[in-house]
Amino acid sequence: DAKTTQPPSMDCAEGRAANLPCNHSTISGNEYVYWYRQIHSQGPQYIIHGLKNNETNEMASLIITEDRKSSTLILPHATLRDTAVYYCIVRVPDRGSTLGRLYFGRGTQLTVWP
Amino acid sequence: AAGVIQSPRHLIKEKRETATLKCYPIPRHDTVYWYQQGPGQDPQFLISFYEKMQSDKGSIPDRFSAQQFSDYHSELNMSSLELGDSALYFCASSSGPGQGSGNTIYFGEGSWLTVV
């Protein structure tokens, strides 16, 4: 049911920007793009989400293309602690009393090296 | 800030036994989600509750049941446990309908269930 495609793995040097791509070509107009990460066997950690505008918070920036078919998560200065599996998720919208769940796909294993 | 609290953190049960996991959502959150993550797998949605009513159902086995109580905490009951039920179980919470900033889903640290 995952509606996103991500590369299985990426590397990044410590201190450099990590740019994680995601394709969501079938996204609907009212569906948000969410990013979570999971450090080994810990609970998924919310990073950022957006609908169509670019978003930035203290953790990352989210760039969504104008056609909304893809997005990029940017960690501006990656550290060793950013090594994790990053999930790009298109959240299923609410339908009546059925609230939008998160479908986790395969995610991208980001490894930050010294 | 208060997070989603899950208990117990670790649980060991024998086959055919019953296990109960508890979840305490973030204060003022009225929606709870349960996920199961097997070894080397991605989290899979099991079930969710909104305002104490079942909202959505995923790949939850018939041997499993869950409910949300008046104080919004939730319990996942698993009976006739099988070896394949060994997994990390996550609870998550949010504050009701909508996908905007006020309805972000936050996860707990999970409960490890080992069936031997």
(request) Please state which of the following conditions B:Ser55 fails to meet, knowing it meets all the rest: (1) surrounded by fewer than 18 Cβ atoms within 10 Å (Cβ to Cβ); (2) more than 13 Å from B:Glu109 (Cα to Cα); (3) facing another protein chain (nearest Cβ under 9 Å); (4) touching a residue at least 24 places away in the same chain (Cβ under 8 Å). (result) (1)
(request) Can you tell me which residue within the range A:38-63, out of those that are more than 8 Å from chain B (Cβ to nearest Cβ) and open to solvent by less than 10 Å² (accessible area, probe 1.4 Å), is modelled with the lowest pLDDT? (result) A:Gly50
(request) Might you check whether a residue that is within 17 Å of A:Gly43 (Cα to Cα) and aliphatic (A, V, I, L, M) occurs anywhere in the range B:91-106? (result) yes
(message) more than 8 Å from every other protein chain (Cβ to nearest Cβ) and at pLDDT below 95: which single residue out of B:Ser95, B:Ser86, B:Ser48, B:Ser65 fits that description?
(response) B:Ser95
(message) Among (1) over 30 Å from A:Thr108 (Cβ atoms); (2) open to solvent by 60 Å² or more (accessible area, probe 1.4 Å); (3) of a type in the set (A, V, I, L, M), there is one condition B:Ala66 misses while meeting the rest; what is its number?
(response) (2)
(message) Here is a list: B:Ala87, B:Ala19. Which entry is open to solvent by less than 80 Å² (accessible area, probe 1.4 Å) and either over 13 Å from the mean Cα position of the chain (by Cα) or over 25 Å from A:Cys88 (Cβ atoms) (or both)?
(response) B:Ala19
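The values are calculated or read from the model by the stated rules, or taken from the named source; none is laboratory data. The structure displayed is predicted, hence computed values, not measured ones. So basically every Cβ, Gly included, is an ideal-geometry build from the backbone, and we count neighbours across all protein chains shown. Please note that ligands, DNA and RNA were not included when accessible areas were found on the heavy atoms of the full protein model with its side chains. Shrake-Rupley method; radii C 1.70, N 1.55, O 1.52, S 1.80 Å.
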